[in-house]
Structures are given as C-alpha cells and as structure tokens.
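All remarks here apply to the structure that follows.
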Amino acid sequence: TKSDKSRANQKAVMEFLLINHPLDCPVCDQAGECYLQDYSYKYGRAESRFLEDKAKKPKKEVGEHILLYSDRCIMCTRCVRFTREITGTNEFAVVGRGFREEIDVFPGRPANNPLSANVIDLCPVGALLDKDFLFTQRVWFLKSTPSISPLTSGGENIEIHHNEGRIYRIKPRYNKDVNKWWITDETRYGFGFVHAAERLRVPERMQYGSSAELPWEIAYKHVDEELRALVQVNGPGTLVCILSPFDPTEEMFLQVQYVRSIDPQAWIVMNPVRIDGEDQVFKNPSTGAVTFTIKAEKAPNRRGAEKVIAHFAGNTCSLAELHEKIKAKKVTGALQSSDPFPVEHVADYKQVVTGMQTLVRMATRRGPVYEKATLCLPACTWAEKSGVYENFEGRVQPFAQAIPPLDDTRSVGQIVWDLLGRPGRFSAAAVRDEMTAAGLAGYADIEEPRGTVHVDDMQFAEL
C-alpha cells in the first residue's frame, strides 16, 4: 500500500472522483467534516489535469428535511443501501447509466420515512444536506456534547452540536446495544422547545388573574411557607408530589424527598405518559433482521420515575384518583414538575388539578395548567443540565449539560436542592451516591459522559 504503484493508483482514483465534483468547498455545509477533502489532501494532486467542462446537475428536494446537490455526489450509493437494507422503504435509487448516472427518488415517493435524515450522516460528501442546518453555522465553530434523546423511551444516544448557547443540530452517537448508528427524525429535529419563544424565564406568582415576577429567594420563601401552612392546617396527606417522566432520576428523587420532608404522608403521582400508537419496527427485507425500533412510548425516563415511586412507597395513586381527592378537598397542595413538551399533553389534565389551593409548578414554558398555578418556577430543559435517564429496557444512561441555562432558569434538581436548604450547586453525581446509599439499584459507578469537544475531533469512520 506504500509502493509507488499503489500511490499512483490512489491519486488516479481521486482524480476520477473529482472530475465532475464542483470546487465549492467554501460554501458547502460539509466542509470541515468531508471525507473527500481529507482524501484529496492525503492522496490527491495539487492541480487538476481535467480540461473539459464539469457536468452541472440541478439541486433537488428529495424529502422534507433533505436537499440533494447532485453535482457533488460521488455515487457511493450509501443512501440507496440505507433505504433498502435499514428502513426497507426504497425511496432512493440509481437512475441513468454511465456519465448520466445519478441518485434520485422515485416519482411521488420522497424520502420522508421516520429515519430519513440518517442518509445525511451517511453521505461522505456534501451531496445530501440538512435543510434545517443549511448555511446556519460552520462545523468547526460547533462543540459536541454527549446526550440522550429526551423524546422517546428508546434511549437513543446522541450528540448535541451547539455554539454560544444555541443548539444547531442533533447527530447520532454510536451505541451498538441501543440505537447503533441511527436516530429518528423525531429526535433529530425535536429540540425546538429548548429555544421556544414562550420559555419561562423568571419565577412568577399568580395574583388577581395576572402574573407578577419574583426574585428566586422570595419565590422559594413563598413555596416553602405555603406548602407547610397547608399541612399545618389540613393535616398529613394534604400534599401531592407530581413527577415528570421527562426529568432525570436524580431530580425526581430530590423532589419526593422535599415534599415528604414537609408532609410524610404526601401522595406521589407521575404525569401521564404519551403513547403514540404502537412500536414501529424496521426490518431488512432481505434477511428479516430487525434494524431499528421506534418506541411508541415517548417518555424518556418512566422507568426511573417508577423506581423512585417504588422506593419511597407510602401513598401513591393514579391521576384519576388524585382528581377525586382534590374534589373532596383531601389534597390541597402540589409540587408539580411539568413535561417540557407537549406541556400537559393529556386533554383532561387541566381538570385534574382544578380546585387545588396551592399549585407550585416547575416548568420550561407556559401550558394549559399555567393559569391554574399559584407559583410558577422556570425550569431548564434537558440540554441545560445533566443527569441519567432509564430507557424502556432498564438501561441507565447518563447525559451531560450542553448549553448554559436560559436567563434565570434553574434545573428542577437545583430548585429542590435549594428548597431543601442544601448549600452550593446541585450535583447529579452526589445525588446518585445518595440514591445508591438509600438502596436504589443501578446508579452506582455510572461513568460520566465525556466533556465538550470540537466536532472535528470526533471519529465518524463508522458512519
């Protein structure tokens, strides 16, 4: 492979690949993570010997998220193989022969399957590009942080690519036991709630039908005093702790701990889990082997919530039972952690908490229950904090904080940490040690994910 003949052949192959490839690296989104750039630098010639005009082909929209620059394509056919062997949907095909050969989709069949955007990662050059990321950021400015999908119970491993506190794209992170090289389009494009315009930014108190902003210290004081006053007046069993299966397990553990410190007989309830139909299973049509499964259950940490509820035991109930207790004035106060999106997705959830005397809501944004809250504390999204999720099969996976919290928002863990009167900053690792000491299995010796790195330091060879 190091002989003169081998090197000459390598240079010849590069010449053929670059014959019709346009020299638009300065404007190409793939620049900085392009294999063709790397191989051209390593094996190519300094000057082209091709004197004829390059073939020019049109750009095509081949899917909801995918743009095809046909003149950049080197006909590796990875995208064709993906839709044949992984999704089994066969949208991509090779059309034409010889120098007219190109990639295209069948008429009336765009690449809109739930895994379609994985072909963008597979493309080794800038032929298949992401419409949402197009011309938004140079990849060498991006930093990458390991994380877990917050939108599904499958526990897909991802990389958050961000710069200056803003997420620009989500990419898959290889895990042979969970998602292999792939992620769903739902995970890839579902991070919009992090930068939503309706994000809550400061603590608010509802007064006379309108909200008034509060400093955190005053908000904490109101929360603690009002919840304690309810128990003092109405007795034990007055409070309810409403957990969100979108929160890390460490935060739920502290939330129950705080409410039970005020009311030892407080009820524990979990927000309803959204189920979208049935699991969607993809198979290789040739072998019948399962290539990917999209889980119908959309809560990333229901197993963690169930484990926390089982650990604390005592008074637990369903949402329907909670509704009856609230109507009967047996439960008059709640500390609720809201799902980040869609907020309170069950249609009748608003009716469940109606009649609550004091509702303290920790949430990322407004929702149907917003006007019912006595106090609303602005919480972080998953990208702005760290912790662990437990997927549908009981696999505990850590994720790291990617971007700083928005404005004056705080993580649910930090909010409850402060309410408990603990000094300093909330530490997910310290809470995991506490959980392990308390007898919760599966949280010992969890290796923290690696820190933020530049994208060009990452290894994409397996894609």
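The values are calculated or read from the model by the stated rules, or taken from the named source; none is laboratory data. Given the structure is predicted, the values throughout are model-derived calculations rather than measurements. With ideal geometry, Cβ positions are generated from the backbone for all residues, glycine too; neighbour counts draw on all protein chains shown. Just the protein is used for accessible areas: all its heavy atoms, side chains included, with ligands, DNA and RNA removed. Shrake-Rupley method; radii C 1.70, N 1.55, O 1.52, S 1.80 Å.
Annotations for the structure displayed:
- Residue in the stretch 101-113 that is more than 16 Å from residue 60 (Cβ to Cβ) and in contact with a strand residue (DSSP E or B) (Cβ under 7 Å, 6 or more places away or on another chain) present: no
- Boolean, residue 140 is touching a residue at least 40 places away in the same chain (Cβ under 8 Å), within 19 Å of the chain's Cα centre (by Cα) and over 19 Å from residue 400 (Cβ atoms): no
- Entry remark, the stretch 181-207: residues being open to solvent by 10 Å² or more (accessible area, probe 1.4 Å) and in a strand (DSSP E or B) number 4 in total.
- Single residue of the stretch 369-393 satisfying the filter (modelled with pLDDT of 90 or more and assigned to a loop (DSSP other than H, G, I, E, B)) that is farthest from residue 224 (Cα to Cα): 393
Rundown of residues vs (1) of a type in the set (Lys, Arg); (2) within 29 Å of residue 115 (Cα to Cα); (3) open to solvent by less than 50 Å² (accessible area, probe 1.4 Å), yes/no style:
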position	(1), (2), (3)
3	no, no, no
11	yes, no, no
53	no, no, no
97	yes, yes, no
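- Count of residues meeting criterion [over 13 Å from the mean Cα position of the chain (by Cα) and either open to solvent by less than 10 Å² (accessible area, probe 1.4 Å) or under 14 Å from residue 382 (Cα atoms) (or both)] in the stretch 163-180: 3
- Residue 154 vs. criteria out of contact with any Cys (no Cβ under 7 Å at 6 or more places or on another chain), outside any strand (DSSP E or B), of a type in the set (Gly, Ala, Ser) and crowded, with 22+ Cβ neighbours inside 10 Å: yes
- Search result, residues across the stretch 208-261 that are open to solvent by 10 Å² or more (accessible area, probe 1.4 Å), within 18 Å of residue 326 (Cβ to Cβ) and β-branched (Val, Ile, Thr): 231, 233
- Screening residue 262 on (1) hydrophobic (A, V, I, L, M, F, W, C); (2) farther than 30 Å from residue 114 by Cβ; (3) in contact (Cβ under 8 Å) with a residue 60 or more places away in the chain shows it passes everything except condition (3).
- Of all residues making up the stretch 266-305, the number that are closer than 30 Å to residue 319 by Cα, open to solvent by 50 Å² or more (accessible area, probe 1.4 Å), modelled with pLDDT of 90 or more and of a type in the set (Val, Ile, Thr): 1
- The residues listed here are 38, 53, 71; of these, the one that is in a loop (DSSP other than H, G, I, E, B) and of a type outside the set (Lys, Arg) is 53.
- Within the stretch 216-262, the only residue that satisfies the criterion of being of a type in the set (S, T, N, Q), outside any helix (DSSP H, G or I) and farther than 26 Å from residue 383 by Cβ is 238.
- Residue within the stretch 417-437 that is in contact (Cβ under 8 Å) with a residue 24 or more places away in the chain, closer than 27 Å to residue 162 by Cα and surrounded by fewer than 21 Cβ atoms within 10 Å (Cβ to Cβ) present: no
- The single condition among (1) out of contact with any strand residue (DSSP E or B) (no Cβ under 8 Å at 6 or more places or on another chain); (2) modelled with pLDDT under 90 that residue 229 does not meet is (2).
- Test: residue in the stretch 383-392 that is surrounded by fewer than 22 Cβ atoms within 10 Å (Cβ to Cβ), farther than 18 Å from residue 305 by Cα and touching a residue at least 24 places away in the same chain (Cβ under 8 Å): yes
- Per the conditions (1) on the phi > 0 side of the Ramachandran plot; (2) without any contact (Cβ under 8 Å) to a residue 40 or more places away in the chain; (3) under 37 Å from the mean Cα position of the chain (by Cα), the sole criterion not satisfied by residue 98 is (3).
- Of the residues making up the stretch 351-368, those that are over 13 Å from residue 271 (Cβ atoms) and either at pLDDT below 85 or open to solvent by 40 Å² or more (accessible area, probe 1.4 Å) (or both) number 6.
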